[in-house]
Every structure is written in structure tokens, then in C-alpha cells.
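Here is the structure we will look at.
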Amino acid sequence: MKASEQSSKNLCICDLTVDYCDLNCCCDKDCSLENKLVFDHCEKDFRHYDTRYCQYMKHIYLNKTPHEFQINQNGLFCIVRSNLPASYIVQRKKPLKSLQDAQFERQNRFIWPKPKEEYSEIFNYFNYTFGKSLWTLRNNTIETLHFLKSFMVTSCVVKEDIKYLIDVKSSCSHTDISGDNYYLKADTFFRNMTIIANPGLLNVSSKNKNFLQNCPKNVCLNIQPKICNEDFEDCVQISKNDTRIKSRCKLNTVNNELSCINLVQSVRYNFYHNGSSGLIKVELYLILKSATFYYHEEMEFSQTIEANFIWWNHTLNYSSHLSGNPGYLVGKPILIANIILVNVPISNTSSTSNATSFKQQLRLYRNPFDFTENFLVLPFVNSEGVCALSKHKYTPIEFGYNIYLKCEINDYLWIKNLSAKNICIAIQETIFRYWALKTTNSTLSNKVIAQFGNAYVYNMGDWLRPMFENDLKDILNRTWGEFDRQKKFLKCGNITTLLITEIFHARVDFEDVINQEKILATTFQFDNFKNITFTVDLNHTFQFNIIVSTQVMFHDITTKKMRKLVDPPSLKIRLPHDFFYPFVKIDNHAVKQTPFINVIVVGLIFVFTSK
């Protein structure tokens, strides 16, 4: 439903995915009663109201039952206008007098958890629920599944459990670079271990070792490992004893270099679950990398670990993800779409031919399988400061967060039979592409930006075209290039290397849902025009490096709310021409009316208007 049409009475603020059960969103109609059994809590409504005043009853009651109910707010005991004096803060100065008073004050405050015996925690809850640790069976020992993360420094120094239904992505650096590092070996993440599908299915104690050795496959799930390229594509299934994943390091004493192969650079777990029934399938994707280090210097190897929880039989669809309902939420990505022309069949009753006629219409399109075609993105910056932008590598622009991004583009062009100017224009178009500004025939693609976080793709009114301070054609036309005499150097002029994106937003009220963030305008400005000289080889391919920058700024332009009174109703009376019969004009001579008759007429009009 789009923001301009759906009723706020049935609005579910935490429902951020279409046709999908959002976790802990109790009002999401896509969640069944079985799905809600896995919930840890209900997401709270972020609207705030003073309960002393009128028009608050319908906002403070949260229906957590499958039954609908109505609230009759016809009472008179609420405040319309307050003339109360200023309030004061009363602080308690007396110390607590008893242990019971101290225990009472301790409620809902932090306390250290009590130490538990081995395996005791796993039986404290019958089924997995939101936020509970995942359990593994490794070498006949039950333990939690954890990942490494950094703390205060970039090194991998902290272990943290992977929690059920909570997606995580963590990056840290290993300083112990060797073939013996446990976390740099591929088989560490799947060999001699299984994932416990649901603790409720595991009736075992620390003394029951035979059961652990013969754990059923539907209880102890085998991990399905694969090795992939750097974009998690072209993945290949591997076996437990596959020699292609064996890691080892070799020291070259002459050059003081340490060369390692098959170090684990990225780990991605995909956990497929069915809510309170637990896990059904576990997939593991690994990216391996070879690297060389100077042995006497400080060595670091960056590693990324992800854990994704996916509903069973759910198909990935980025176009169904919302960034607010209805208004944008801070930290959520900015929705975009592309305007395309489609051929729509039309009926042609006058023609005797069987051929179908078509007419072109403008439609909005969002590729469900590509994040970059659904949300506003910037290039991804790797550890070497190099730009990368693809369907797998990007930096999303999150609502409310300003960004300053700087990176180096390392790219190449096919320059056979191209003039110097055309090469420079191609370089500028490559920069636009890394800014996610695709060009077609020297013009920007028809990108539009959603006003609300739940903008409807079939309603053009929910989307805005971005505004450009500089016309793209003018920038490309003003770009010039020239070779030196030996054609060893190429000089390009008027190349823009800075994109300034400004997003103007305001808090508006959508019916009875207050303070909803709405985007009112998005502007793109190009700056930092410069002349750049490149070295050119005689080959047909031209490799070039150029540093580009991007600035993103959010501007809150919310105005003060003012109450505007509705104009009083007006009543227009039009009487028929014979309303005062027989006191009518005859032969253009008016009949003289007595004062008594005038009083009667005025009285009739008064009675009519008072009704």
C-alpha cells in the first residue's frame, strides 16, 4: 500500500517487508500465530502522546491477539486545555532503609548473570526464539556458534555468539598470519561440526554421549560448504577433505617474505528457518585469498564474517523491502526506481485484422534481484582505498546519516580509433557510473526517488525526480582532450571529480500518524572541475587511475506546526420563482405588501435557515 492511500488506522509501523513476516512486528498481518511464537518482544510504536489529553486512546493500545477489537472513545474526562502551574522535579534524598527496599530498586536494572553448568542453558528454552544463541555439535561437544569481532582496535580480539534471527556482519584483522591460525583455515567453519536445528529436539545431557555421536540429521544439520569468487558468485560445492581449500604459508628468507595461499577472507552463513520450528538448512560460502607479507613488518589480514537468517521457501526480493511505514526511518536506505517505457496492448474494435495494437506508457521499475537498482548507493571502498561498484559491492546511503567518501577509480577503456576528446568523455562517463549515475545517449537515466519509505511503485505521485544543478550534456560537451606530439600523454580538461548530494526532508503528519519523515527534494551538484594528465600506451586498452569524492548531506527543513481553524459553514438559499405566490409581479407592476406580510416572509426565511 502506498502512503497516500492506506489508512493510518490499519497502519503497521514496523511492517517493512511486503508479503514477509517481519520479526517482532506483532501487527504484521503476514505473520501467523506460529510465526509469532518465535518473537522475543513486540516492536513499540514510536509515536508519543500525552495521555492526559483528548484523542489519545486509539494510539496507546496494542492488539497482540489474532482478534480485532474497537475502542469507543466517547468519554468526557480528558483535558482539552491545561492551565496547570509549572511542574517541579522532586528528588529522593533519604537513603534506603532495608534490604527489601534495595531489592525493589534493583528491578529492571543490570545484574551480572549467574554462572551455569555445561549444557544447562540449552534446555532453559524449548525452542529457538529471537535473540537466543545458536548451538553446534563439534567433536561430540555442544557449544555455541560464535564469530570474531574487533573492540577498540581493528584486531580480532572478541568472541560473540551468533544469535537466532539476528543478521550480523563483522570485519576484523588477524595479526597472527600462519598456516596454524585456526580462524584462517577453511575447514574450521564446517569440518567435524553440525548445527543444532532446535534445542527442543535434542533430548540429551552431558552424560549421554552415544546420542551425540548418532544425532539424527534433522536435529544436527550438516553444513553445505561452497567456495566462491570475490563477489560470492560462481560458487562450487566442496567436500570435507577437498585439497583445493588447504591453506599453508611459506617463508622466503632471502626476501623476508611470507607467502600464504587459501586464507579465509570472507565467511557467509545462510540459515534457513521456519520460525519456532527452528533451522531447516545451513549454507556456508567461503572466499579464499592468497597474500604475501613482509615478514619483519606488522602483518594484518582482514576477514569478514556474515550470518543471514532467511525464512524457509522465501525468495529474495529487494523491491519488497521498505525503509519506513509510512515515513523514512533513520538508518534505512533511500528508495529509488527507474522510469521505463512499456508497450501496453490496446483493443482495436474498428480493425478487421487480428494483429494486436500497442501504446507506450511510462512505468516505474525496480529490479527485485539488484540492491543498487532499488536503493540510492555510492561506491564501496576497499582496504586499499579503491572504488568498487557492482550488485554485490556498494555503500548504501542511509537516511539521516551524512557521508564523505573518497576513493580511487582503477579502470580501463577500449580506445581503438577514439579521439582524445572522446577518450576524456568516456573517462567522465566512467566516473558517473561509479557514482551510480548511469548514462544513456549522454543523458542520465530516468531515476526517481521515493518521498515516503513505503512509496508505491504503481503511483507516480509517490516519487520525485532529482534536480541537477549542472546539465550532464553541458558537462560532457565542455570536456576536452588532447595528446602530446608523441602521443605518450593525454590531457583531459574540465573533468568533475566531486559529487554533492543533498537530501531535503521534513517531519509531517500522515492522518493520525505524527512526525513521519518525508523527502521533499534531492539535488545533485558536480564540482571540483580539473585538468588531468594521463600516461598513454600504444595498446588498444587504456588503464587510468583517478581519485573521486562524494558528499551526502541531509537537511531537515521541518516547519513549525500551526493549527488552522476551519472556516465556518455557509448556507446559500435559492428559492423558486413562485415561492411567494400569489404575491408576484403582474404586468410589470409590483403588488404592495403590508408590513404584516413582510414579517411573515422574514419569519419563514428564519425558520428555514435555522433548520
Item to complete: All but one of (1) at pLDDT below 90; (2) not in a loop (DSSP other than H, G, I, E, B) hold for GLY481, so report the exception by its number.
Response: (1)
Item to complete: Find the residue count for the range 412-427, including only residues that are under 17 Å from THR496 (Cβ atoms) and open to solvent by 20 Å² or more (accessible area, probe 1.4 Å).
Response: 3
Discussion item. Looking at ALA455, ALA388, ALA426, ALA420 in this structure, which one is under 19 Å from the mean Cα position of the chain (by Cα) and aliphatic (A, V, I, L, M)?
Written reply: ALA455
Worksheet item: Has the range 429-443 got any residue that is at pLDDT 90 or above, assigned to a loop (DSSP other than H, G, I, E, B) and either within 25 Å of LEU329 (Cα to Cα) or open to solvent by less than 30 Å² (accessible area, probe 1.4 Å) (or both)?
Response: yes
Practice prompt. Can you confirm whether the range 124-141 contains a residue that is at pLDDT below 60 and under 21 Å from ASP40 (Cα atoms)?
Written response: yes
Item to complete: Residues being open to solvent by less than 70 Å² (accessible area, probe 1.4 Å), touching a Phe, Trp or Tyr at 6+ places or on another chain (Cβ under 7 Å) and modelled with pLDDT of 90 or more: count how many of those fall in the range 531-546.
Response: 2
Worksheet item: When only residues in the range 144-178 that are of a type in the set (A, V, I, L, M) and outside any strand (DSSP E or B) count, which is nearest to ILE261 (Cα to Cα)?
Response: ILE177
Worksheet entry | Test: GLY493 is of a type in the set (Gly, Ala, Ser), in contact with a strand residue (DSSP E or B) (Cβ under 9 Å, 6 or more places away or on another chain) and crowded, with 19+ Cβ neighbours inside 10 Å | no
Worksheet, complete the sentence: Over the range 26-73, the set of residues touching a strand residue (DSSP E or B) at 6+ places or on another chain (Cβ under 9 Å) and modelled with pLDDT of 85 or more is ASP28, ASP30, ASN35, VAL38
Item to complete: Having 1 or more residues that are among the β-branched types (Val, Ile, Thr) is the bar; report the strands (runs of 3 or more DSSP E) wholly within the range 227-330 that clear it.
Response: 257-273, 279-294, 301-311
Item to complete: Please find, among LYS250, LYS226, LYS246, LYS289, the residue that is free of Cβ contacts under 8 Å to residues at least 12 places away in the same chain and closer than 28 Å to SER155 by Cα.
Response: LYS250
Discussion item. I'm checking my understanding of the structure. Among residues of the range 227-264 that are open to solvent by 100 Å² or more (accessible area, probe 1.4 Å) and touching a strand residue (DSSP E or B) at 6+ places or on another chain (Cβ under 9 Å), which one is nearest to ALA388 (Cα to Cα)?
Written reply: GLU230
Worksheet item: Which pairs have Cβ atoms under 9 Å, sit 6 or more apart or on different chains, and link a residue in the range 147-160 that is farther than 19 Å from ILE177 by Cβ and open to solvent by 80 Å² or more (accessible area, probe 1.4 Å) to one that is at pLDDT 90 or above and basic (Lys, Arg)?
Response: LYS159/LYS149
Worksheet item: Quick one: what pairs do we get from the range 181-203, first residue touching a residue at least 24 places away in the same chain (Cβ under 8 Å), second among the polar types (S, T, N, Q) and open to solvent by 10 Å² or more (accessible area, probe 1.4 Å), C-beta under 6 Å, 6+ apart or different chains?
Response: LYS185/SER247; ASN192/ASN139; THR194/ASN222; ASN198/ASN127; GLY200/ASN127
Worksheet item: Of everything in the range 271-285 that's under 24 Å from the mean Cα position of the chain (by Cα) and under 20 Å from LEU37 (Cβ atoms), which residue is most open to solvent (accessible area, probe 1.4 Å)?
Response: ASN274
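The values are calculated or read from the model by the stated rules, or taken from the named source; none is laboratory data. This one's a predicted model, so the numbers in the text were calculated from it and none came from an experiment. Positions of Cβ are backbone-derived with ideal geometry, glycine not excepted, and every protein chain shown enters the neighbour counts. Ligands, DNA and RNA are stripped out before the accessible areas are found, and what is left, the full protein with its side chains, is counted by its heavy atoms. Shrake-Rupley method; radii C 1.70, N 1.55, O 1.52, S 1.80 Å.
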